[in-house]
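First the structure, in the form of structure tokens, and then the observations on it.
The values are calculated or read from the model by the stated rules, or taken from the named source; none is laboratory data. Owing to the predicted nature of the structure, the values given are computational and were not obtained by experimental measurement. Virtual Cβ from ideal backbone geometry, glycine too; neighbours counted across all protein chains shown. Ligands, DNA and RNA are excluded from the accessible area calculation, which covers all protein heavy atoms including side chains. Shrake-Rupley method; radii C 1.70, N 1.55, O 1.52, S 1.80 Å.
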Amino acid sequence: MTFFTENGLAIAVIGGLATTLTLVFFMARRTGGSLGALAAAVAATIVLLAIEWFVQTDREQVASAVHDIYAAVDRNDVEGVLALVDPSAAQIRADVQALMPSVKVESAGSGRNIEVTLEESTTPSSATSSSRAFLNGIHVSSGQPVPYVNQRVDMEWAKSGDRWLLKGYTAYFDGKPIDAVNSARTNRPVP
């Protein structure tokens with residue numbers, strides 16, 4: 001069922017096919033029953049698309065949280081990033097407070113393909129996300145550009161109430177994990 005609540009394209013394609021078939025049937029028969037079938041196909045497609053639009057699954061909430069983190073980084077908003085970090089994740093909070101002031105971010109974000117894996121059997125619910133990220137900025141102390149382009153970032157999330165909060169991350173450079181804070185300080189990848 002989550003396939004349909006997370007994939008509007010599938011609903012539109014299946015609904016379009018059902019509508020086309022019932023339209024052909026209606027054009028051939030011209031009966032009240034075939035008109036009812038056509039109306040039902042159109043109505044079902046519209047209702048399912050509305051449900052997909054308004055219902056946000058946990059997987060979609062995590063993907064939205066990933067975009068929110070990158071948007072806060074893009075704005076150089078330390079407090080905005082910290083608001084999305086689990087309060088018990090002291091190391092990440094320290095990393096954010098150390099890393100963000102050392103780089104003036106000009107642009108940051110992730111691609112559209114964010115892979116989210118949910119682990120609902122844990123309490124609280126947890127998830128991991130993996131995406132390709134980019135960050136272009138200026139190293140504050142040296143004035144040198146800081147390019148971090150098309151690199152993998154894995155994030156660990158915990159559900160707190162109705163929000164997903166960051167509880168861990170691993171940044172990669174050319175497929176190898178790096179220490180993001182020391183890499184930013186030296187402006188080169190540090191394993």
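I'm trying to understand the selection: among the residues of the range 57-71, which are touching a helix residue (DSSP H, G or I) at 6+ places or on another chain (Cβ under 7 Å), surrounded by fewer than 18 Cβ atoms within 10 Å (Cβ to Cβ) and not acidic (Asp, Glu)?
Passing the criteria: only Thr57.
So, in the range 129-149, of the ones that are among the hydroxyl-bearing types (Ser, Thr, Tyr) and touching a Phe, Trp or Tyr at 6+ places or on another chain (Cβ under 7 Å), which residue ends up least open to solvent (accessible area, probe 1.4 Å)?
Residue satisfying both the conditions and the ranking: Ser129.
Which of (1) over 21 Å from Glu79 (Cβ atoms); (2) in a strand (DSSP E or B); (3) more than 14 Å from the chain's Cα centre (by Cα) does Glu106 not meet, given it meets every other one?
(1)
List the pairs whose first member sits in the range 83-101 and is of a type in the set (Asp, Glu), whose second member is at pLDDT 90 or above, and whose Cβ atoms are under 7 Å apart, counting only residues at least 6 apart or on separate chains?
What qualifies is Asp86/Ala158; Asp86/Leu165; Asp86/Leu166; Asp86/Lys167.
Could you list, in sequence order, the residues of the range 106-127 that are crowded, with 18+ Cβ neighbours inside 10 Å and out of contact with any helix residue (DSSP H, G or I) (no Cβ under 6 Å at 6 or more places or on another chain)?
Ser126 - this is the single residue of the range 106-127 that is crowded, with 18+ Cβ neighbours inside 10 Å and out of contact with any helix residue (DSSP H, G or I) (no Cβ under 6 Å at 6 or more places or on another chain).
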